[in-house]
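Each remark here refers to the structure printed beneath this line.
The values are calculated or read from the model by the stated rules, or taken from the named source; none is laboratory data. Owing to the predicted nature of the structure, the values given are computational and were not obtained by experimental measurement. Counting neighbours? That spans all protein chains shown, and the Cβs are built from the backbone with ideal geometry, glycine included. Accessible surface areas use protein heavy atoms only, side chains included; no ligands, DNA or RNA. Shrake-Rupley method; radii C 1.70, N 1.55, O 1.52, S 1.80 Å.
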Amino acid sequence: MKVDIRKVTLFIGITFSLTLLFHFIISFTINPNKFLGYAMVIPFLTVVIIQKIIYREKIIPTLGLSIGQFKWYIIAIIIPILLSFNINWTIEQFFKMLLIGFTVSTLSALLEEVTWRGFLWNELIPVSRLKAYIITALIWSTWHIPVAVLYKYSDDIFLNTIVYCGQLFLFSFVINWLREKSNSVIPASLFHGMLNVFYF
């Protein structure tokens, strides 16, 4: 099975174009940060455009949705907590973060992960496992640059953006690993969601 270069190129081109357009539009609002979460929908919207409108193929089989083994869910929860563990957390703070991580954060991350670790992963895996890891990490971390430059940092933007995207690049390998080992995007989404709450 060969990689459909045209499909991957279309995905990258449409996703990045729509993302830049989105950030341009929200820059005219009073509080652009309020709308940032909606950017997570853009890659999935691109998949719909490519699969349904351009290729006229099914979407669900490309998304990597399956239950997977329970142990990968536990690993996906534990790693972000250990990475950011703070002895000053109160029990109330910890359980509040845990609740947000399990619900809103993971559900929004799932919307992203069915694209990056579902659709894109399925398209790239025929190349080679290592290249799929690297290319996915590179595209995913680069996609976050507008967030870092426009909203996340006000001081040392260049350096902080490099550090931020570098972290995302490395975390992508963990997310891909969870997706591959569990054969599902759900543990990957759980890790992503918990990471957003506990680490970022």
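Some points to look at:
- Boolean, Leu45 is over 18 Å from Ser182 (Cβ atoms) and out of contact with any helix residue (DSSP H, G or I) (no Cβ under 8 Å at 6 or more places or on another chain): no
- Qualifying position, being over 20 Å from Phe191 (Cα atoms) and β-branched (Val, Ile, Thr), among Ile100, Ile139, Ile75, Ile145: Ile145
- Check on Ile14, under 22 Å from Ile125 (Cα atoms) and either outside any helix (DSSP H, G or I) or touching a Gly at 6+ places or on another chain (Cβ under 7 Å) (or both): no
- The number of residues in the stretch 107-120 being of a type in the set (Ser, Thr, Tyr) and either modelled with pLDDT under 95 or in contact with a Lys or Arg (Cβ under 9 Å, 6 or more places away or on another chain) (or both) comes to 1.
- With a requirement of 2 or more residues that are open to solvent by 60 Å² or more (accessible area, probe 1.4 Å) and either at pLDDT 95 or above or of a type outside the set (Phe, Trp, Tyr) (or both), the helices (runs of 4 or more DSSP H) lying completely within the stretch 121-200 that satisfy it span 129-143, 157-182.
- Flag for Ile53 being modelled with pLDDT of 90 or more, of a type in the set (A, V, I, L, M), over 12 Å from Leu190 (Cα atoms) and open to solvent by less than 50 Å² (accessible area, probe 1.4 Å): no
- Residue in the stretch 9-31 that is within 18 Å of His144 (Cα to Cα), aliphatic (A, V, I, L, M), touching a residue at least 40 places away in the same chain (Cβ under 8 Å) and open to solvent by less than 100 Å² (accessible area, probe 1.4 Å) present: yes
- Candidates Lys34, Lys71 - the one that is surrounded by fewer than 18 Cβ atoms within 10 Å (Cβ to Cβ), in a helix (DSSP H, G or I) and at pLDDT below 90: Lys34
- Top-ranked residue of the stretch 84-102 - restricted to ones that are surrounded by 12 or more Cβ atoms within 10 Å (Cβ to Cβ) and either modelled with pLDDT of 90 or more or among the acidic types (Asp, Glu) (or both), ranked as farthest from Val47 (Cα to Cα): Phe94
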